[in-house]
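These notes are about the structure you will find just below.
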Amino acid sequence: LSNEVARLIAADVTEGEDAEVRRAAVAALGDRAGAVVVMDARTGRIYTVVNQEWALRRGWQPASMMKLVTALAGIESKSFDPSAKTRVAGRQSRLDLVDALAISDNDYFKTLGERVGAEKLVTYARGVGLGEPTGVNYESESAGRVPEAAEGQSAGRLGAFGEGVEVTPIQLATLVAAIANGGTLLTPQVPRGRQSDVEVAPLVRRRLEVSRDALARVVAGMTAVVERGTGAGAKGAAPRLAGKTGSLATKDASLGMFASFAPADDPRLVVVVLTRGRGESGPAVAAVAGAIYKSLGNRM
């Protein structure tokens, strides 16, 4: 663990956090440089945010996380048939949406991004809470960034890799919580002061303008990610675990991301992990999230 990241984690404000959950998250992260968010999918209650600087105040390119937004936008705009098996470059078997999410197929989502178009992708990204603060009650939250469609984004690269977008792990947590809980975008909150012993009442930001059918198809894809796809490192860590991986290689370092919830049919926990360093990737980070779920099995 780099000295800088160890220092950032030591500086976290932990008042109101759940000490057991924080210990599990820190232990699972081990010596990786990264950040973790653990939240209740139904209420938005924050159990812990490890490395608040990276999780709340710094934006990251979402990489394949953007495929969740592209899938929702594609289904809702009727740009494609999600259950149709489509021929994809370089693949022997044809893929439908669930298959393409499971293996995070870039060509499938580039084509879908082009069909949806940059303007609609940007509208849906904003609709699910990207490019705006979540309203979480920690200091100095970043709003991240969603480009204007007029910035000349390639719709394919925007749809497959989130090029030009910056998200925070806390935004990813609220996004996957909304997918998990049937479409309610929540304001995440850590209980502080007198409230810390009581159940947190959900603070609803808005309902996503997406159908139950669209959400169900994306949840099926996220479950397949863990069962037979890029998130297999988390398989078996929790009942009916649903997730999405993201990987990004830059000149300086690689980024790994995994945003997840469980159980898929009665969501309790949301776990988002981001790591940065040599050889980091979404598939590698799925195992970190898996270790957190295993430690917190009694909560599901």
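If a residue has to be in a loop (DSSP other than H, G, I, E, B), of a type in the set (Val, Ile, Thr) and crowded, with 24+ Cβ neighbours inside 10 Å to count, how many in segment 147-193 make the cut? Qualifying residue count, segment 147-193: 2. Among the criteria (1) modelled with pLDDT of 95 or more; (2) more than 30 Å from THR48 (Cβ to Cβ); (3) polar (S, T, N, Q), the one THR134 does not fulfil is (2). Using the structure shown, decide if ALA237 is touching a residue at least 40 places away in the same chain (Cβ under 8 Å), in a loop (DSSP other than H, G, I, E, B) and among the small types (Gly, Ala, Ser). Yes. When GLU4, GLU20, GLU15 are checked against the criterion of being over 14 Å from VAL288 (Cβ atoms), assigned to a loop (DSSP other than H, G, I, E, B) and open to solvent by 30 Å² or more (accessible area, probe 1.4 Å), a single residue qualifies: GLU15.
Within segment 81-114, being of a type in the set (Gly, Ala, Ser) and crowded, with 17+ Cβ neighbours inside 10 Å holds for ALA100, ALA102, SER104, GLY113.
Taking the listed residues VAL50, VAL26, the one that is open to solvent by less than 20 Å² (accessible area, probe 1.4 Å) and within 19 Å of ALA237 (Cβ to Cβ) is VAL50, with no other qualifying. How many residues are open to solvent by 50 Å² or more (accessible area, probe 1.4 Å) and either in a strand (DSSP E or B) or touching a strand residue (DSSP E or B) at 6+ places or on another chain (Cβ under 8 Å) (or both) if we restrict to segment 200-234? Within segment 200-234, residues that are open to solvent by 50 Å² or more (accessible area, probe 1.4 Å) and either in a strand (DSSP E or B) or touching a strand residue (DSSP E or B) at 6+ places or on another chain (Cβ under 8 Å) (or both) number 6.
Taken over segment 158-206, the criterion of being of a type in the set (S, T, N, Q), at pLDDT 95 or above and more than 18 Å from PRO147 (Cα to Cα) is satisfied by THR174, ASN181, THR184, THR187, GLN189.
The values are calculated or read from the model by the stated rules, or taken from the named source; none is laboratory data. Remember, it's a predicted structure, so these values are computed and weren't measured experimentally. A quick note on method: Cβ atoms are made from the backbone with ideal geometry, for glycine too, and the neighbour counts reach across all protein chains shown. These area figures cover heavy atoms from the full protein model, side chains too; ligands, DNA and RNA do not enter into them. Shrake-Rupley method; radii C 1.70, N 1.55, O 1.52, S 1.80 Å.
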